[in-house]
Each structure stands twice: as structure tokens, then as C-alpha cells.
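Accompanying notes for the structure given below.
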């Protein structure tokens with residue numbers, strides 16, 4: 001059946017798009033502007049067959065076992081679309097930054113990817129950088145904010161270094177999904193305000209998360225030995241976290257909202273029906289210090305509500321359902 005589909009695709013696309021299976025030679029591979037490679041076996045290195053592909057504008061790879069682990073630096077100089085999704089890549093070569101025509105780089109669910117090259121900031125034509133599901137990625141390349149054409153960036157990891165702050169998102173017109181991680185690295189809450197999330201009207205799914213363990217974060221900000229000073233650091237860290245979340249007010253078009261490991265005590269007042277009228281999904285995960293929940297019953301379009309790890313929540317009262325709401329949770333499934 002797969003051979004039939006392959007033959008049909010080859011007939012329809014002619015010489016414009018080559019679909020090649022590993023182990024099958026193709027004399028026209030070098031001339032085709034669009035190439036697709038299908039592989040099924042263990043293959044830790046990039047296939048030699050593609051070393052001749054210099055001028056392809058599109059390269060898509062399909063490896064069910066995700067076997068590719070390394071990409072040679074000398075190829076794809078004219079590419080506009082590169083798709084290495086589901087592979088075992090750990091890094092990309094530093095020469096990636098010289099792909100000046102590249103518009104799309106998809107690394108979807110490359111679970112082993114540890115980092116992106118520093119030269120990523122040079123990809124000024126880049127519109128789509130799909131790093132969703134890259135769970136091993138611990139930091140972003142510096143100065144992502146210089147990629148002014150970037151529209152797709154489903155994950156941003158806040159760092160401590162120069163060019164790694166949340167302010168890198170300020171001038172980017174992100175569309176679709178955005179998951180901002182490691183918010184504990186935002187030392188000045190004003191930086192979150194500068195991000196200007198509310199004006200990014202094309203974001204429909206927003207994730208906001210702090211580090212892996214709330215207790216560790218609090219310990220990080222309470223190292224002094226004197227009890228009074230320790231208490232002060234706890235309070236300062238809590239206030240900063242609350243200000244950060246308050247300043248990350250999304251646009252009213254957002255449909256999905258996820259808040260994870262939030263170490264503050266109070267939720268911001270923008271989590272309400274008139275501010276987020278299109279919200280259909282809310283996830284509050286491991287927000288361990290919150291004693292009361294926001295007025296989620298006021299959200300007119302809320303269909304899915306997921307609450308997990310709210311260990312200090314003492315009660316669910318009328319404020320949760322909405323004081324001025326006649327019918328709370330009107331669309332909840």
C-alpha cells in the first residue's frame with residue numbers, strides 16, 4: 001500500500017518533489033527543489049544520499065523511530081523549509097545561521113535536542129521555529145528577539161544571561177501557541193510588562209510556568225541564615241511572582257490558558273469572564289501556595305477545567321463560581 005502511495009505521489013509531483021526511501025537511489029535528487037526522505041531502520045548518522053542536495057528549498061524527513069542524531073554542516077544552503085521532526089538530534093551545526101533563506105525550521109518532538117546554535121539569531125528570514133515537545137531543551141539561543149519575522153515559537157525558555165530575558169518576546173508577533181517557561185528567572189517584574197502580551201492578538205494558547213519545584217525556588221530566594229531576612233526574601237519572591245503573572249496579561253482572544261507551579265498567593269484579576277471571554281480551557285497545575293481559586297465560573301465559554309496539585313487550597317466558595325453570576329460554568333463539560 002505504501003508503494004502505491006509513493007508511486008502516486010511521484011506521478012503527481014513529477015520532478016518538482018522527490019520522495020525517496022532509504023536504500024533506493026535517485027538520480028534526480030540533486031535537481032529537485034523539494035525533497036522528502038523516508039527511513040525505517042536504525043540510522044544514527046545523516047544518509048550520504050542527501051549530501052548531494054545543495055539546492056533543495058524544502059527537505060522533509062520521516063523516520064518512525066527518530067533515528068537521525070546528527071546533521072552535517074555543509075548542506076541545505078538554499079533551503080527555505082527544513083523539517084527534522086521526531087528525530088534524535090541533540091544539536092544543530094553552528095553553520096545553521098548561514099541559511100539566510102530559511103523560513104521554516106521544524107524540530108517538533110525532538111526529545112533529545114539539548115540546544116539550538118547561537119547563530120540562530122542570524123536567521124533573519126525565519127518565520128516558523130517549531131520546538132514544541134523539545135523537552136530536553138534548557139535554554140534559548142541569545143537574542144531571539146532579533147528575528148523580527150518570527151511568527152511561530154511555541155516555547156520560550158527565560159534565561160539569566162544577556163539576550164535570554166523575557167524581553168526578547170517584546171517585538172515578536174507570535175501566532176498560535178506560546179509556552180513561557182522558567183519565569184523564576186524574571187528578576188524584574190517590569191520585564192514581563194515590557195513583553196506586551198496583551199497586544200499580541202494572534203496568540204490563542206498561552207502557557208506560563210515556573211521551575212520544576214516550588215519549594216526549591218523558594219529556597220533559592222531564602223538563603224540567608226537570619227530568620228527575619230529569610231522571611232523578607234520569601235515575601236519579596238512571592239510579590240515578584242505575583243507581579244510577573246499580573247503583567248503577563250494575555251489578549252482577549254486566548255482560548256487556552258495553563259499556569260504551572262505558580263509560587264504566588266494571589267491570582268491576578270485578569271482571570272475573569274469580561275477579560276477572557278473566549279477562554280475554553282484552563283489548567284492550574286501545582287500552584288501549591290494558593291488558598292483560594294479565581295472566579296472561573298464567570299468564564300462564559302469555559303469547557304475544560306483541570307486542577308492539580310493545589311495542596312493549600314482550603315475551600316471552594318462563592319468567589320470560585322462568581323458572585324454576580326446567575327449560572328456558573330454555563331458551558332463546562
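Readers should treat all values here as calculations from the given coordinates under stated rules, not as data from a laboratory. Keep in mind the model is a prediction, meaning the values are calculated, not measured. Heads up, the Cβs are rebuilt from the backbone with ideal geometry, glycines too, and the neighbour counts pull from every protein chain shown.
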Check your understanding: If you take the Cα atoms of region 173-333, find Rg, then find the Kirkwood Rh from the mean of 1/r over all pairs, what is Rg/Rh?
Key -> 0.98
Exercise for review: Kindly put 270, 210 in sequence by how many other C-beta atoms sit within 10 Å of each C-beta, fewest to most.
Suggested key: 270, 210
Study note, to complete from the structure: Place a point 7 Å from the Cα of residue 139 in the direction of its beta carbon; the residues of region 154-195 whose amide N falls under 12 Å from it are 158-165
Practice item. Sort 301, 134 so that the residue with the fewest other Cβ atoms within 10 Å of its own Cβ comes first and the one with the most comes last. Key: 301, 134
Review point. For a paramagnetic label modelled at 7 Å from the Cα of residue 239 toward its Cβ, which residues of region 163-199 fall within the zone defined by backbone nitrogen distances under 14 Å?
Key: 188-190
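Which order do 180, 190 fall in if you start with the one that has the fewest other Cβ atoms within 10 Å?
Values: 180 21, 190 13.
By the 10 Å Cβ count, ascending, the order reads 190, 180.
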Exercise for review: Under 14 Å from a label point 7 Å along Cα→Cβ of residue 90: give me every residue in region 102-116 with its amide N that close.
Suggested key: 111-116
